[in-house]
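Below: one structure, written as C-alpha cells.
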Amino acid sequence: MSYKTASMKVLSLVLIFGILYPETITLAFSHGQSGVACKAIERKALLQFKKGLTDPSGRLSSWVGEECCKWRGVRCNNRTGSVSKLKLNNPYPESSDKLGGEINTSLLHLKDLVYLDLSMNDFLGVQIPDFFGSLEKLRYLNLSGASFAGTIPQSLRNLSNLLSIDLNNPDLNQTYESDLRWLSGLSSLKYLNLGVVDLSKAAAYWLQTVNMLHSLVELHLPNCGLLQLPQNLPSLNFTSLSVLDLSNNGFNSTIPHWLFNISSLVNLDLNSNNLQGDLPEEFASLNSLQQLDLSENSYLGGRLPRNLGKLCNLQTLKLSMNSITGEITELINVLSECTNSSLMSLELGYNKLTGNLPISLGYLNNLRYLNLRYNSFQGSIPPSIGNLSSLEELYLSGNQMNGMPESLGQLSALKVLDLSENLWEGVITQAHFMNLSSLTDLSFYKPSPNISLVFNINSDWIAPFKLRYINIRSGQLGPKFPTWLRNQSELNTVVLNNARISDTIPDWFLHLDLKLQELDVAYNKLSGKVPNSISFLYPSTVDLSSNYFEGHLPLWSSNVTKLYLRDNVFSGPIPSNFGEAMPFLMDLDISWNSLNGSIPLSVGNLKELFTLVISHNHLSGKIPHQFWSNMPFLNILDMSDNDLFGSIPKSIGSLSYVKYLILSNNILYGELPPSLQNCTSMDSLDLGDNNLSGNLPAWIGDSMPSLSILSLRSNFFSGNIPSQICSLSTLHILDLSHNNLSGFIPPCVGNLSGMKVKPSVTQQYQGSLEVVTKGRVYEYDSTLYLVNSIDLSKNNLSGEMPTELTRLIHLGTLNLSWNHLTGKIPLQIGNLEQLETLDLSKNKLSGAIPPSMTSLTFLNHLNLSYNNLSGEIPSANQFQTLIDPSIYEGNLALCGHPLPKECQGSDKTGTNPGGDGEVKDDEDEDGGKFDKLWLFTSMGLVSLSGSGEFVAL
C-alpha cells in the first residue's frame, strides 16, 4: 500500500469499524462458536433466503446442518445466538462468483441483524427491496457494486440505528436514483456513500438534507449529477466531517466559504467539476487538514493564494488538472517555512503555472511525491532538490525546463524519475545517477527529434540501481550501445529511440536474459542481423524502425503483439510460418524494406490483427483470397508500392471494420468487387496507379458514408462520375485523375460539405497519400487531414464547370485540366478563398477571366493555358505575382501583362506565342513531367503509441 493511501485506509477502518461501531469488530472475529445453539426460526429463514438466490459457484454450499452460526458468511451474537451479521459480499469483483436472484423477505425473521453486506454481487438491476427498511436494528448496510437499480426506497428512513450505508454503484449501466428524503430519518449516520447514484432530483436541496446528519464523519457523493454547490449554508451541523468527496459532478461555481468552517476535514475531493475562480483565502483555516484534493476541475483558475502555505499540517495537496496560473515560488517558500513540515505529496500537474522552481522546494523535508507535470516551468531544477532524501517519485514531464544539477543523483530513495518532454540540454554524467540506488523507472526524452542533450557516461561505470523501465528519446547515448546498462538484469521496458547509436545489438545485452514488455530502438543507425533469442512477455511491443538491420525478418515468440520493422534493409520472403510463430500480432508494419516473394498464407493466422502495413517492398504474386474473413478486427490494410497483380479479391469485402484500404502502385486489374460495399466503415480508399477498369460504382457513395479520401487516379475507369459520390459528407480528397471518365461533372459536387468547413485538428488521418498540388506531386502523411482537394484531370469530361463548385469555400486544390470542358469560368469562383492551386489548362473554356479571381489571395499556382479565354488578364492582388507567361499561353484572345500581346488601345503589337492554341497529344502537362517532391513531416507510415492510440511516425 502506498504512503498516499495508507493513512486514509487506516483512518476509514478506525472510523467505521471502531469508533462508529465497536460491536462490528467483535462480530468480525467471531466464528459463531458460542454455547447457544442457532435458533430454528432463523435457520429456516436463512434457508428460505438461500433458496431464492442464484449461487453459480456454490459459495453457500456450507449452509447445511443445524449450526447456522457456523455457515459461511453468517455470524451470531455470542450471548444470544441470534444471527447478527450476514457478510455475503463477493471478495473477487472481477470473477463470476456472484450471488444473484431474489432477496426473500424471510430476512425479516432475523430480528437482531445489525450487519448486512451484499456488495459486489449481481442482482441484475432489480430495485433495493423495500422491506430493508424494516430491519430496524441494522447498523451497517453495504449494497455497493451489487447491480441494484431503480429508485432507492423511502422506507430506508426507518433505519434510525444505521451508522454506515454504502450504495456506491460503479456500474453505469445499472443506475439508482434518489431524492434523498429518506436520509432525514438516519440521525445516527456516520458513513454515507452514494457514488454514481443519480441525485439530480435533489439538486436544489441536497446540501440542506445532508447537513442534518450531525454525526456524519464521511460523505461520498461522486458522480451524482449534482449541478449546484450552494454558496451559503446558514448553520453547519456536520462539524465532525473528516472526509468529503464531491468529485465528478457538474458544479459551475466558486468554492463556497462554508467549506472552510469544517475544521475536522482530513480529505477533500472536488476533482472533475467545473469550479471557477481563485482559490479562497479561507484555505488557511483548515489547520488540521491532511489531504486536499481539488484535482481535475477544468475551469478552476486563478493564482495560488499565498495563505495556502499556512497549512503546516497538510500531508497531501492535490490541485492537478485545473487552470491555475502564475508562479509557485511564494507558495513553496511559505510551505517550506513550516517547522517540521508534514507535506508528503504535492500535485500541481496539468495547470498553467510558469516561472522557475524555487530553491525552497528542497526544504520540504518530508516530501515523497512531487508532480509538476504539464505546466510551463522553465530553467533548471534547483540544486536544493538533492536535500529531499525521502522523495520517491518525481514527475516534471511536459514543461520547458532545460537544465538539471548533479545533486539530482543524491536522491537515494527515488524510485520514479520522469523528466520527459522538456527542453533539456547540456551533458549528463554518472554524477547525475551516482546514488540513485532505489531507481526503477527512468523516463528522459524530448518532444522534438533535435538532440541537445548528451549522455557522457564512462564505459566502465556500474550503475547503482536496477531499472525495470528506461525510456530515453532524442538524447545522445551513442555512438556505442550504452554499456552502463550491462548489469540491468531486471529491465522489462527498453526504449532508446533516436539516440544516435551506431552499433550492433551487443552480446552482453542478449545475455541479460531479459523478459521484455517493450523494446524500442527505432531511429538509430543500428545494423547487423536481429537475434531471434530475445524473450518477450505478453503483450509486448517491438519497434526497430528506421535502422540498418538486415537479413530475414526475425521470428520471436507468440507474446509479441505489436511489431514495427519498417525502413530497414530486411530482405528475402516473409517467412512461410510467420503467422504461426506470432499469432497474437495486433499491429504489423514491415514497410520500406526489400522483401520479396508472395504473401504467405500463414498471415491468415493473425486473427487479432488491427494494422497490416507491408507497403514499399518488392512483394509479388496475387493478393491471397483465402484468409481475410479470419481478420475481423483489421482496421488498416496497406499493400501499396509492391508488384502485386491480379484482381482485388472478393473476400476483402469481408473486412467490415477496415477504415484504410491502400492498394495503390501495384499491377492490379479488373473491376472493383461489389463485396467492397460491405466495408461500411471505410475512411480512406486508395487504389490509384493500377490497371483497374470498369465504371465507377455508385455504391461507393451509398455504402461508405464515412469516406474522407477517395483516390482512384491513374487507372482505366470509364463512364460517368456517379452522383452518389456527392453524398459523401466527410469527403475532403477526391482524386479521379488520369482515367477515361466522360460526361458532365455532376453539379451536386457542391454538396461535399467536408470541403466547406475548416479541417479539424482532432481529425487526423493515418497513412500517406500522394496529392498533385502546386504543380507537383506531394506526399502527405501526418498533415493529410489538412488537405482539401479535387483532381479530375486527364479524363474526357465535357460540359461546363458547375457553378456549385464555388460553394466549397475551404477547397485548397482544384485540378480540372486535360478535359473537354466548355463554357465560362464561374463568375463566383472568387468564393473559393482558401484555394492555393487552380489548374484549368487544356480545356475549351471561353470568356474572360472572372474579376472575382483577384480575391483568391492564397492562390500560388495557377494554370489557365490552352483554352479559349479572352480579354485582359487581371492585375490586382495575387495576380501581381502570377507573372509566368506560360500560365496564360494558348489563349489567342487574352492580352495584357505578362503576355507580350497588349490589349486594345496599346501602341505595341503583341505576338502569338501559343500558335493556334491546339494541344499536341505528346505534350506533357505544364511542359514536362511533374517534379516529385516528397514531404515527410515524420518517418514511416502508421504505428501505434504505447497507449494504444494511432500516430503518424
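Per-structure values
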quantity	calculated
Net +/- balance of residues flanking residue 203 in space, Cβ distance below 14 Å, scoring K and R +1, D and E -1	-1
Residue-count net charge about residue 453 - beta-carbon cut-off 14 Å; Lys, Arg +1, Asp, Glu -1	+1
Where Rh is the Kirkwood radius over Cα pairs, Rg/Rh for the stretch 396-548	0.94
Relative contact order, percent, the stretch 330-392 [alpha-carbon distance under 8 Å, six or more residues apart]	37 percent
Backbone N within the stretch 563-607 under 16 Å of label point (7 Å from residue 555 Cα along the Cβ vector)	571-585, 598-606
Zone of residue 406's modelled label, taken as backbone nitrogen in the stretch 455-499 under 19 Å from a point 7 Å along Cα→Cβ	455-465
Efficiency of FRET from Cβ geometry, residue 626 and residue 656, R₀ 22 Å, rounded to 0.05	0.80
Cα centroid separation - the stretch 726-758 against the stretch 320-397, whole Å	55 Å
Extension gain from residue 102 to residue 154, taking 0.36 nm per residue of separation minus the Cα-Cα distance	16.7 nm
Links that overshoot a 31 Å alpha carbon limit, given the list 529/622; 659/824; 794/824; 607/756; 87/318; 39/98	659/824; 607/756; 87/318
Pairs of alpha carbons in the stretch 482-606 whose separation is greater than 26 Å (percent)	16 percent
Packing-based order for 827-833, 408-414, using average beta carbon neighbours within 10 Å, highest first	408-414, 827-833
Residue 857 paired with residue 261, simple spin-label distance in nm, labels 7 Å along Cα-to-beta-carbon	6.0 nm
Added length on full extension, which subtracts the Cα-Cα distance from 0.36 nm per residue, residue 112 to residue 452	115.1 nm
Where labels lie 7 Å past Cα in the beta-carbon direction, separation of residue 577 and residue 175 in nm	5.4 nm
In the stretch 447-522, the trypsin sites (Lys or Arg not before Pro) that fall in loop regions by DSSP, at most 14 other Cβ within 10 Å	466, 480
Karplus-derived 3J(HN,Hα), 6.51/-1.76/1.60, for each residue of the stretch 345-357, Hz, glycine and proline x	9, 10, 10, 10, x, 6, 10, 10, 6, 10, x, 8, 6
Net length gained if the chain between residue 872 and residue 235 were fully extended (0.36 nm per residue, minus Cα distance)	221.0 nm
Nitroxide proxy distance, nm - points 7 Å out along Cα→Cβ at residue 184 and residue 892	9.7 nm
Set of the stretch 315-332 residues, backbone N closer than 18 Å to the point 7 Å along the Cα-Cβ line of residue 378	325-330
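Read the figures in this text as sums done on the coordinates, not as results from a lab. Quick caveat, the model's predicted, so the values are computed rather than measured. Here the Cβ is made from the backbone with ideal geometry for all residues, glycine too, and neighbour counts use every protein chain on show.
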